[in-house]
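Colleague: After the structure tokens below, expect a handful of questions from me.
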Amino acid sequence: MVLGSRIAGTGSYAPAKVLTNAELERLVDTSDAWISERTGIKERRIAAPEECTSDLALRASRAALEAASLDARELDMIVMGTITPDRQLPACAAYLQQKLGVSGIPAFDISAACAGFVYAMSIGDQFIRTGAARNVLVVGAELLSRVTNWMDRNTCVLFGDGAGAVVLTPATEGSGRVLSSKLHTDATLTESLCIPAGGSREPLTHAGLDERRNTVQMVGNDIFRIAVKNLSSASRSALDAAGLTPEDVDWLVPHQANLRIIAQVSTRLGIPLERFVVNIDRYGNTSSASIPIALDEAVRDGRVKSGQTVLMCALGAGISWASALVRL
Ligand code: ACO
């Protein structure tokens with residue numbers, strides 16, 4: 001009998017180039033003090049010109065496969081959360097599959113913005129639960145620097161590039177497992193966070209390009225309020241579904257969008273900030289990559305240990321949000 005899925009290995013990769021707040025001060029009318037106080041971000045990573053999203057995903061995936069002691073040829077499926085695929089067509093997961101040297105297995109992208117990784121992990125978990133797949137590679141990878149308007153101080157100080165991955169395999173008696181996951185979308189705030197041009201609603205024109213309508217535009221305040229509320233409620237529903245309470249959570253790995261959002265979620269849930277994995281200061285908001293990067297770092301530095309209970313929650317454009325509760 002299939003008992004569900006477990007995380008058998010984690011991996012992550014962040015490009016070498018560091019862009020500091022001080023460097024951004026020379027690009028737009030901002031300051032290290034404003035960025036640090038309003039967001040918690042000190043620096044972010046920026047991909048090299050020759051790197052694309054599947055390159056970042058490949059590095060993270062190889063690390064996760066190695067940690068899981070699995071060969072890429074043993075995978076049954078690849079699910080990738082991303083809003084910055086290599087090309088609009090085909091799926092970025094197809095390029096990743098090619099780079100991993102495998103073929104024939106399903107490989108597809110999930111577009112749920114910052115919630116993309118949790119969405120992808122929930123899908124992988126369902127496939128393993130039903131017995132339709134055994135080994136699933138789940139990836140969150142983004143190259144947001146390519147869809148950032150570097151003249152807009154409202155957004156350009158927030159984002160960074162990176163990738164994270166986990167390998168899901170069938171849970172066994174006494175092993176860890178994905179305990180629950182909850183996925184949500186509410187379309188009332190679609191225009192508050194979007195890339196306006198480049199799709200069928202608004203094909204990219206020369207004028208649109210001049211106005212940088214092919215980059216992320218966000219009304220940050222709208223998203224902030226809903227983020228605190230929805231991340232807290234989604235976290236509670238994942239706990240309720242597993243019959244657990246906030247006291248049972250060893251670590252909360254939240255999406256890293258704003259330290260003030262994370263702090264307010266901590267207060268609402270009654271889980272002290274010391275039990276949150278936070279790395280926003282070093283990476284900024286890497287959208288779907290933020291949770292798997294933070295998880296991988298905490299696993300590798302020994303904070304998150306086998307047998308512990310980890311809660312993940314994320315919210316992004318859509319508005320899409322999601323939570324997952326995992327016993328490692
Ligand atoms: N430097 C200096 N001043 C700035 C900067 C900056 N980089 N950016 C904005 N300001 C100014 C504004 O112009 C405004 O000035 P004004 O009062 O003269 O008009 C002032 O600071 C306050 O602006 P707010 O937007 O109200 O600032 P806020 O405190 O809300 O912080 C932020 C903005 C950081 C974007 C915050 O709202 C936030 O984190 N929102 C949530 C983001 C999020 O979770 N996104 C979802 C994931 S992203 C995705 O899906 C791709």
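Colleague: Would you confirm whether any residue within segment 267-274 is without any contact (Cβ under 8 Å) to a residue 60 or more places away in the chain and of a type in the set (Gly, Ala, Ser)?
Modeller: For segment 267-274, residues without any contact (Cβ under 8 Å) to a residue 60 or more places away in the chain and of a type in the set (Gly, Ala, Ser): present.
Colleague: I'd like to know if segment 46-62 contains one or more residues that are within 18 Å of Val157 (Cα to Cα) and either surrounded by 14 or more Cβ atoms within 10 Å (Cβ to Cβ) or within 16 Å of the ligand (Cβ to nearest atom) (or both).
Modeller: yes
Colleague: Checking the condition within 15 Å of the chain's Cα centre (by Cα), modelled with pLDDT of 95 or more, within 12 Å of the ligand (Cβ to nearest atom) and open to solvent by 20 Å² or more (accessible area, probe 1.4 Å), which residue from Ala317, Ala289 passes?
Modeller: On inspection, the qualifying residue turns out to be Ala317.
Colleague: If you go through segment 130-144 one residue at a time, how many are of a type outside the set (D, E, K, R), out of contact with any Cys (no Cβ under 8 Å at 6 or more places or on another chain) and crowded, with 21+ Cβ neighbours inside 10 Å?
Modeller: So the answer is 8.
Colleague: Give me the residue from segment 81-105 that is surrounded by fewer than 17 Cβ atoms within 10 Å (Cβ to Cβ), of a type outside the set (A, V, I, L, M) and in a loop (DSSP other than H, G, I, E, B) and, out of that set, nearest to the ligand (Cβ to nearest atom).
Modeller: Checked segment 81-105; the qualifying residue nearest to the ligand (Cβ to nearest atom) is Gln88.
Colleague: If only one of Phe127, Phe108 is more than 12 Å from the ligand (Cβ to nearest atom), within 17 Å of the chain's Cα centre (by Cα), open to solvent by 50 Å² or more (accessible area, probe 1.4 Å) and more than 20 Å from Val299 (Cβ to Cβ), which one is it?
Modeller: Checking each option against the conditions leaves just Phe108.
Colleague: Another question about this same structure. When you go through Thr215, Thr169, Thr190, Thr185 one by one, which is the residue that is under 18 Å from the mean Cα position of the chain (by Cα) and within 27 Å of Ala57 (Cβ to Cβ)?
Modeller: Thr185
Colleague: Please find, among Leu244, Leu273, Leu269, Leu311, the residue that is buried (at least 24 other Cβ atoms within 10 Å of the Cβ) and at pLDDT 95 or above.
Modeller: After ruling out the rest, the residue left standing is Leu311.
Colleague: Provide a single number: the residues in segment 192-210 that are free of Cβ contacts under 8 Å to residues at least 12 places away in the same chain and either exposed (fewer than 11 other Cβ atoms within 10 Å of the Cβ) or touching a strand residue (DSSP E or B) at 6+ places or on another chain (Cβ under 9 Å) (or both).
Modeller: 6
Colleague: For segment 16-29, give me the residue count where each residue is in contact (Cβ under 8 Å) with a residue 60 or more places away in the chain and of a type in the set (Val, Ile, Thr).
Modeller: Final tally of qualifying residues: 1.
Colleague: Using the structure shown, decide if Lys229 is within 23 Å of Val79 (Cβ to Cβ), open to solvent by 60 Å² or more (accessible area, probe 1.4 Å) and not acidic (Asp, Glu).
Modeller: The answer is no for Lys229.
Colleague: May I ask you to verify whether Ala16 is open to solvent by 80 Å² or more (accessible area, probe 1.4 Å) and either at pLDDT 95 or above or away from the ligand (no atom under 11 Å from the Cβ) (or both)?
Modeller: yes
Listed here are the residues, each with its yes/no results for (1) within 24 Å of Thr190 (Cβ to Cβ); (2) of a type in the set (A, V, I, L, M).
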{"position": "Asp248", "(1), (2)": "no, no"}
{"position": "Arg260", "(1), (2)": "yes, no"}
{"position": "Asn285", "(1), (2)": "yes, no"}
{"position": "Ile293", "(1), (2)": "no, yes"}
{"position": "Ser306", "(1), (2)": "no, no"}
{"position": "Leu325", "(1), (2)": "no, yes"}
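Colleague: Still on this structure, I have one more. Would you be able to tell me the number of residues in segment 33-45 that are over 18 Å from Thr148 (Cβ atoms) and open to solvent by less than 50 Å² (accessible area, probe 1.4 Å)?
Modeller: Selection size over segment 33-45: 2.
Colleague: Please enumerate the residues belonging to segment 230-257 that are touching a strand residue (DSSP E or B) at 6+ places or on another chain (Cβ under 6 Å) and under 22 Å from Gly307 (Cβ atoms).
Modeller: Listed by number, the residues that qualify are Ser235, Ala238, Ala241, Ala242, Asp248, Val249, Asp250, Trp251, Leu252, Val253, Pro254.
Colleague: Working only within segment 211-226, note down all residues that are away from the ligand (no atom under 15 Å from the Cβ) and open to solvent by 80 Å² or more (accessible area, probe 1.4 Å).
Modeller: Scanning segment 211-226 gives Glu211, Arg212.
Colleague: Let me ask something else. Among all residue pairs at least 6 apart or on different chains, which show Cβ distances below 9 Å where the first residue, located in segment 1-15, is charged (D, E, K, R) and the second is part of a strand (DSSP E or B) and open to solvent by less than 40 Å² (accessible area, probe 1.4 Å)?
Modeller: Pairs found: Arg6/Leu168; Arg6/Thr169; Arg6/Pro170; Arg6/Val178; Arg6/Val326.
The values are calculated or read from the model by the stated rules, or taken from the named source; none is laboratory data. This structure is a prediction, so every number in the text was calculated from the model and none was measured. Positions of Cβ are generated from backbone atoms using ideal geometry, with glycine treated the same way; all protein chains shown enter the neighbour counts. Side chains are part of the model used for accessible areas, which takes the heavy atoms of the whole protein and leaves out ligands, DNA and RNA. Shrake-Rupley method; radii C 1.70, N 1.55, O 1.52, S 1.80 Å.
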